[in-house]
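The values are calculated or read from the model by the stated rules, or taken from the named source; none is laboratory data. Keep in mind that what you see is a predicted model, and the values were worked out from it rather than measured. No Cβ is skipped: glycine too gets one built from the backbone with ideal geometry, and neighbour counts run over all protein chains shown. Only protein heavy atoms, including side chains, enter the accessible area calculation; ligands, DNA and RNA are left aside. Shrake-Rupley method; radii C 1.70, N 1.55, O 1.52, S 1.80 Å.
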Number of protein chains: 2
Amino acid sequence: MGCTSGIVHHFIFKKISVEKISIIKIGGNIIDNEVNLASFLSAYAAVEGKKILIHGGGKLATKMAADLDIPQQMVDGRRITDAATLKIVTMVYAGYINKNIVAVLQSKNVNALGICGADANIVPAHKRINVTTDYGFVGDIDAVDTEKITAFLQAGLSLVVAPITHDGAGQLLNTNADTMAQAIATALSSKYEVSLVYSFERKGVLSSIADANSVIPIINPQNYAALKESGQVNEGMIPKLDNAFEALHKGVSRVIIGDALDLLALLNGSGGTTIQKN
Amino acid sequence: MGCTSGIVHHFIFKKISVEKISIIKIGGNIIDNEVNLASFLSAYAAVEGKKILIHGGGKLATKMAADLDIPQQMVDGRRITDAATLKIVTMVYAGYINKNIVAVLQSKNVNALGICGADANIVPAHKRINVTTDYGFVGDIDAVDTEKITAFLQAGLSLVVAPITHDGAGQLLNTNADTMAQAIATALSSKYEVSLVYSFERKGVLSSIADANSVIPIINPQNYAALKESGQVNEGMIPKLDNAFEALHKGVSRVIIGDALDLLALLNGSGGTTIQKN
């Protein structure tokens with residue numbers, strides 16, 4: 001055995017290098033609803049192979065701020081993360097939501113490990129520098145430690161990631177969950193064949209917000225331009241789609257946007273909107 | 001290399017089996033004070049070798065409950081963990097406190113991984129069964145996964161543990177931090193030479209509460225009986241000491257109780273109260 005171990009390790013490494021992984025981001029509106037969250041987590045537990053779940057906090061953080069009488073400053077529709085707000089998102093995202101998801105997944109035989117970007121220094125970041133607006137304690141991602149993440153996955157652990165990062169100098173930072181999912185998916189594409197799923201409360205990218213079934217099955221650079229010009233793709237979806245195209249150009253194999261309650265259909269290609277590189 | 005790997009592994013295993021580890025529990029009154037916490041964490045970062053930090057939440061959870069107008073039910077001086085209180089301790093312990101400690105330790109080159117007992121199923125527990133009083137969502141520990149903890153430690157990670165466990169059926173549970181520290185220390189004594197430190201705001205076990213310097217240097221079964229009879233050891237300290245003796249009888253090498261702000265002295269034997277098995 002001893003003499004062959006070198007070859008064995010080489011073979012295992014080769015195998016890992018083409019292994020598939022699903023990076024699934026769950027949107028706030030699903031987390032806000034206990035029944036929907038439970039339904040999503042049952043589907044998530046059934047996803048085969050390696051997987052990582054990235055969650056936001058939806059309206060729970062906003063509600064907590066209101067309950068604590070902490071005013072939320074918004075600039076251009078974006079929340080300013082002051083010290084009090086950072087404390088709330090850290091409590092709600094990395095504490096309440098993350099640990100409840102972990103406990104539910106454990107009950108479904110998924111050996112979940114709940115972390116944020118500061119844990120094991122998985123996602124180092126820096127406080128956003130913006131000349132016109134100070135967004136407060138908002139983190140822009142510097143790197144993703146794929147070695148550590150891979151080690152956790154190889155140990156049979158399924159990561160549940162809260163979108164809180166740190167600056168390496170002791171400061172926690174609030175980070176956009178879509179961006180966190182894209183950064184982790186992109187980084188892992190050097191080691192895995194990555195499927196990135198943005199799951200939320202809609203069936204996919206809709207050509208008409210009024211029609212919940214007007215799902216655009218495929219978006220590629222060609223029709224994307226037209227969809228934006230015609231205004232069929234609404235403004236809120238544009239950053240998500242730009243994010244998706246960027247992920248594809250950085251090595252992610254496929255990006256799907258769709259209904260969190262129909263997760264398995266999104267992964268097997270029978271539902272949602274698939275974003276294509278070309 | 002391949003041919004010798006078997007021997008190498010055997011040697012490494014032998015070495016690990018007698019390696020030292022420090023399990024340090026930090027008391028609430030230190031966590032409540034930012035300056036004291038920062039000072040403690042600097043000392044903690046300087047602790048050599050493998051180490052695990054277990055923290056409670058002190059008055060922060062109580063303050064949060066008050067801020068949210070959630071009444072705290074107490075029975076015999078013990079808080080009843082109803083659903084609203086469980087949500088608060090999960091947010092405050094596993095979220096706010098745990099992640100802030102992780103971020104500070106990362107800034108001091110300690111590769112901290114913040115977890116609770118549900119993460120990686122490290123500490124399975126069950127809801128406390130009590131015929132006279134229902135303490136609510138309080139967890140009594142069933143087991144500690146020493147294999148997983150050892151794997152994290154071997155990967156160079158230093159665990160920061162929040163005293164929240166789970167029942168394996170999706171329910172988070174509030175667990176006493178002293179008990180959590182004792183359970184982890186006891187379980188790891190099968191693989192390591194364990195030093196268990198209960199650090200708090202006093203210099204050690206005092207023979208007179210009025211005199212902050214009346215530290216009893218050594219407590220063993222002989223003088224413990226006398227100290228209890230004479231009432232020198234106050235009631236609040238008795239569960240901690242019973243806990244300490246139990247840990248020693250279950251394989252922990254040494255237990256020290258003392259000042260969190262003098263941590264290195266506690267570990268090098270020059271401070272605090274040492275509890276001895278015989």
* To do: Considering the rotation that carries chain A onto chain B, locate the chain A residue whose Cβ comes closest to its axis and report the distance in whole Å.
  => A:95, 1
* Taking Rh as the Kirkwood radius, which is the inverse of the mean 1/r over Cα pairs, what is the Rg/Rh value for the range A:58-155? -> 1.03
* Provide an ascending nm list, one decimal, of label-point separations from residue A:111 to the equivalent residue in each further copy; define each label point as 7 Å from Cα along Cα→Cβ. => 1.9
* Accessible surface, chain B, averaged per residue in Å² (probe 1.4 Å) -> 42
* Asked: Hey, any idea what the orientation-averaged projected area of the convex hull of chain B's Cα atoms comes to, in nm²?
  -> 16.7
* Which residues' amide hydrogens lie under 5 Å from the amide hydrogen of residue B:32, considering only partners 5 or more residues apart or on another chain, with H built in the peptide plane? -> B:59
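Step through the table entries B:148/B:191; A:99/B:108; A:87/B:63, compare each Cα-Cα distance with 20 Å, and write down the pairs that go over it.
Working: B:148/B:191 12 Å; A:99/B:108 26 Å; A:87/B:63 14 Å.
Correct reply: A:99/B:108.
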* chain A: relative contact order as a whole-number percent, Cα under 8 Å and 6+ apart -> 21
* Roughly how many whole Å is it from the C-alpha centroid of the range B:207-278 to that of the range A:59-116? -> 39
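What does the buried accessible surface come to for B and A, summed over both chains, with the probe at 1.4 Å? Round to 100 Å².
Details: alone 13250 and 13220 Å², together 23400 Å².
Accessible area lost upon association: around 3100 Å².
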* How much length is gained if the chain between residue B:73 and residue B:109 is pulled fully straight, taking 0.36 nm per residue apart and subtracting their Cα-Cα distance, in nm to one decimal? -> 8.9 nm
* Rounded to 5, percent antiparallel among DSSP beta bridges of the range A:193-278 -> 35
* Asked: Where the label is 7 Å out from Cα toward Cβ, how close does residue B:277 come to the same position in every other copy, in nm, shortest first?
  -> 6.1
* Return P(r) of the range A:125-278 (all Cα-Cα pairs; 10 Å bins starting at 0; whole %; ordered from short to long distances). => 10, 34, 34, 19, 3
* Structure fact -> Expected vector for the range A:37-54, Karplus 3J(HN,Hα) from phi with 6.51, -1.76, 1.60 and θ = phi - 60°, integer Hz, x for Gly and Pro, equals 5, 4, 5, 4, 5, 5, 5, 4, 4, 7, 5, 7, x, 6, 7, 10, 10, 10
* Return the long-range amide H neighbours of residue A:205 (sequence gap of 5 or more, or a different chain), with a cut-off of under 5 Å between placed amide H atoms. => A:216, A:273
* **For the range A:96-105, 3J(HN,Hα) per residue [Karplus equation, 6.51 cos²θ - 1.76 cosθ + 1.60, θ = phi - 60°, Hz, x = Gly/Pro]** => 4, 5, 4, 6, 5, 4, 4, 4, 5, 5
* Radius of gyration, Dmax [the range A:193-278; alpha carbons; angstrom] -> 11.8, 35
* Asked: Label-to-label distances across copies for residue B:201, with labels 7 Å out along Cα→Cβ, in nm, shortest first?
  -> 4.5
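Of all the C-alpha pairs in the protein assembly as shown, what % are more than 45 Å from each other? Don't jump to the answer; show the numbers that get you there.
Working: 29697 of 154290 pairs.
Percent of Cα pairs beyond 45 Å in the protein assembly as shown: 19.
Given charges of +1 on the Cβ of Lys and Arg and -1 on the Cβ of Asp and Glu, with all other atoms neutral, how large is the dipole of the range B:126-252 about its Cα centre, in debye to the nearest 20? Provide the component values of the computation, followed by the final result.
On the way: 9 positive and 14 negative charges, 38 e Å.
The calculation lands at about 180 debye.
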